[in-house]
1. Going by what's in this entry, would Lys80 be described as of a type outside the set (Asp, Glu), open to solvent by 60 Å² or more (accessible area, probe 1.4 Å), part of a helix (DSSP H, G or I) and at pLDDT 90 or above?
2. Under 6 Å between Cβ atoms, at least 6 apart or on separate chains: pull out the pairs that start in the stretch 102-131 with a residue that is closer than 13 Å to Ile144 by Cα and at pLDDT 80 or above and end on any residue that is surrounded by 16 or more Cβ atoms within 10 Å (Cβ to Cβ) and among the hydroxyl-bearing types (Ser, Thr, Tyr).
3. Which of the following residues is under 17 Å from Leu121 (Cα atoms), open to solvent by 30 Å² or more (accessible area, probe 1.4 Å) and either aliphatic (A, V, I, L, M) or touching a Leu at 6+ places or on another chain (Cβ under 9 Å) (or both): Arg92, Arg87?
Amino acid sequence: GLERIQDMRSMLVVLVAAALLLPLTAIGQDEEEPVDVKAKLKAFKEAMKSKDASARTAAVQEIAPVKDKTVAKEISKHLKDKDPGVRAAVGRALGTQGDQKYRGKLLAPMKDFDKGDPKALVGYLEGLEGLPHKSSIDPLCDMIKKVMYRERATEKPLGIVGTKAAATDEAMAAC
């Protein structure tokens, strides 16, 4: 119940803090062998028709490393999948794609983070790690402030990951 919610909030705070403390420059990627994007997309689209959420999640994870605008666009269509695990994988995959135009779609659920599914939100936060940009700081700071205010207002410990939440002080200083 309440302890699980607090643990999830603590995890979100730590992930947001990590995202805020990332450098605002992209890290260079090693070159990879050419990939048949059309074949990968065809397999991805077919797999995403599955009723099995784990199959859809695996499909997203499989295509995520294929950096291509067409791939990113197709992945983004599944941000509203009914399964939070699939949505989390989609968030991570969009971060892997590195296309800044998807940053807003990952930030949008942060406004109402307490109404969203924590598993999906964690995936979105992890996706934002791959899309560092200074315009992400204010929405993430607002989220940290909301979480910290609620935690302090109830005077409850931050939970299992509470000791790691010390990084939040650094993130709060950035806010």
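The values are calculated or read from the model by the stated rules, or taken from the named source; none is laboratory data. Note that this is a predicted model, so its numbers are computed, not measured. No Cβ is skipped: glycine too gets one built from the backbone with ideal geometry, and neighbour counts run over all protein chains shown. Heavy atoms of the whole protein, side chains included, go into the accessibility calculation; ligands, DNA and RNA do not. Shrake-Rupley method; radii C 1.70, N 1.55, O 1.52, S 1.80 Å.
1. The answer is no for Lys80.
2. none
3. Numbers: Arg92 fails: either aliphatic (A, V, I, L, M) or touching a Leu at 6+ places or on another chain (Cβ under 9 Å) (or both).
That would be Arg87, the only listed residue that is under 17 Å from Leu121 (Cα atoms), open to solvent by 30 Å² or more (accessible area, probe 1.4 Å) and either aliphatic (A, V, I, L, M) or touching a Leu at 6+ places or on another chain (Cβ under 9 Å) (or both).
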